[in-house]
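*Asks:* After the structure tokens below, expect a handful of questions from me.
The values are calculated or read from the model by the stated rules, or taken from the named source; none is laboratory data. Quick caveat, the model's predicted, so the values are computed rather than measured. Here the Cβ is made from the backbone with ideal geometry for all residues, glycine too, and neighbour counts use every protein chain on show. Calculation scope for accessible area: heavy atoms of the full protein, side chains included, ligands and nucleic acids excluded. Shrake-Rupley method; radii C 1.70, N 1.55, O 1.52, S 1.80 Å.
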Amino acid sequence: MAELDFERRLERLFADAPELPDATAFAEGVERRLATGWTARRWLIGAAGIAGGLIGASQLIMSNIFQRVESAGDSARALQAGIVQVAPKAEWVSGFASGGVVVWVASALAIVAMGFALTRVIEEL
Amino acid sequence: MVGSTIPRFASLHDVELCTYAATGERRAFGELVRRHGSGVRGLLRRMGAAPSEADDVAQDAFLAAFERIAEFRGEGTFAAWVKRIAARLYLRRLQKERKLAAFATQAMEADPPDAGGDSDASLDLDEALKALSAAERVCVTMCFGAGLSHTEAAEALNLPLGTVKSHVKRGLEKLRARLAPEGVVSEGRRGNG
């Protein structure tokens, strides 16, 4: 019992830490480091976003995306023509296959998703 | 502005400040640092860190706490939570400096020179801790200052549980012999939450 009392007393003594004279200066130092860290992180995320965007754009250009979109459009039209012959009333397919718009939208969404994922990963780091 | 305390933060409870801090409100976290900075630094000094080293580790601990503030569920106190982080960071630093390895053998070594105190003297905790070996001081402070269990302390120190228990037991015996009876301990101390 006495041992338990002593241990409780010890816990109280440890919790009862004296206020150090430079407590405010210490807190200001921590706040400064926090601010610096956040500024650096914002720059890093921004730079990574720009780099990612440039890489994505260059990849799109390098991969002959415009030719591929054109050929995809042709394929879509051929597919549409084929499907119309098989099932003339399949209206939804014609909506899907109208030109290369779908490919553009999908590409844009993919880039946006990649941007979000990249940002999230950097924030986690 | 760095270092400024918005009055409304000063009046909030720690848990509320943590909620603000979790949304990225750095001034709310600054108020927490103001409240508990001395306690964390004091704990590290009691573990044996030099004042400048204690300040460095305490700063790192608060930065780590801010990063992980969403993990703080308010089950214990914020002070206890950040003290645990600080204690572990300090141990990691000791490990890097290869000072922890010696802790395993210190139980067999002779006691350090007596701090000059006896049970009648009005010794405070800091003075009494000086009579402990480095291993005893770290183990006692981790268990009674940072609130770690013996098992958690053993894991953090990478020591066998029996060794940690032995250090704690010997440390407690020394402290009991040197600390003044309750009520005689030096006054003028002020808690910071």
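*Asks:* Those residues that are open to solvent by 20 Å² or more (accessible area, probe 1.4 Å) and either outside any helix (DSSP H, G or I) or modelled with pLDDT of 90 or more (or both), I need them from region B:145-158; list them, please.
*Replies:* B:Gly147, B:Ser149, B:His150, B:Thr151, B:Glu152, B:Glu155, B:Asn158
*Asks:* So, of the residues in region B:49-70 that are small (Gly, Ala, Ser) and closer than 16 Å to A:Ala23 by Cβ, which turns out to be farthest from the chain's Cα centre (by Cα)?
*Replies:* B:Ser52
*Asks:* Among the residues of region B:128-144, write down those that are without any contact (Cβ under 8 Å) to a residue 40 or more places away in the chain and either part of a loop (DSSP other than H, G, I, E, B) or more than 15 Å from the chain's Cα centre (by Cα) (or both). It would help to see each step written out before you state the result.
*Replies:* Initial filter on region B:128-144 (without any contact (Cβ under 8 Å) to a residue 40 or more places away in the chain): B:130, B:133, B:135-136, B:139-140, B:143-144.
Scanning region B:128-144 gives B:Lys130, B:Ser133.
*Asks:* Filter region B:21-42 down to the residues that are in contact (Cβ under 8 Å) with a residue 12 or more places away in the chain and either more than 17 Å from A:Pro21 (Cβ to Cβ) or more than 11 Å from chain A (Cβ to nearest Cβ) (or both) and list them by number.
*Replies:* Within region B:21-42, B:Ala21, B:Ala22, B:Arg26, B:Arg27, B:Ala28, B:Phe29, B:Gly30, B:Glu31, B:Leu32 meet the criteria.
*Asks:* Out of the residues in region A:28-45 that are open to solvent by 80 Å² or more (accessible area, probe 1.4 Å) and within 7 Å of another protein chain (Cβ to nearest Cβ), state the one that is farthest from B:Met142 (Cα to Cα).
*Replies:* The extreme case among them is A:Arg32.
*Asks:* So which residues in region A:11-27 are open to solvent by less than 60 Å² (accessible area, probe 1.4 Å) and among the charged types (D, E, K, R), if there are any at all?
*Replies:* Of everything in region A:11-27, just one residue is open to solvent by less than 60 Å² (accessible area, probe 1.4 Å) and among the charged types (D, E, K, R), namely A:Asp16.
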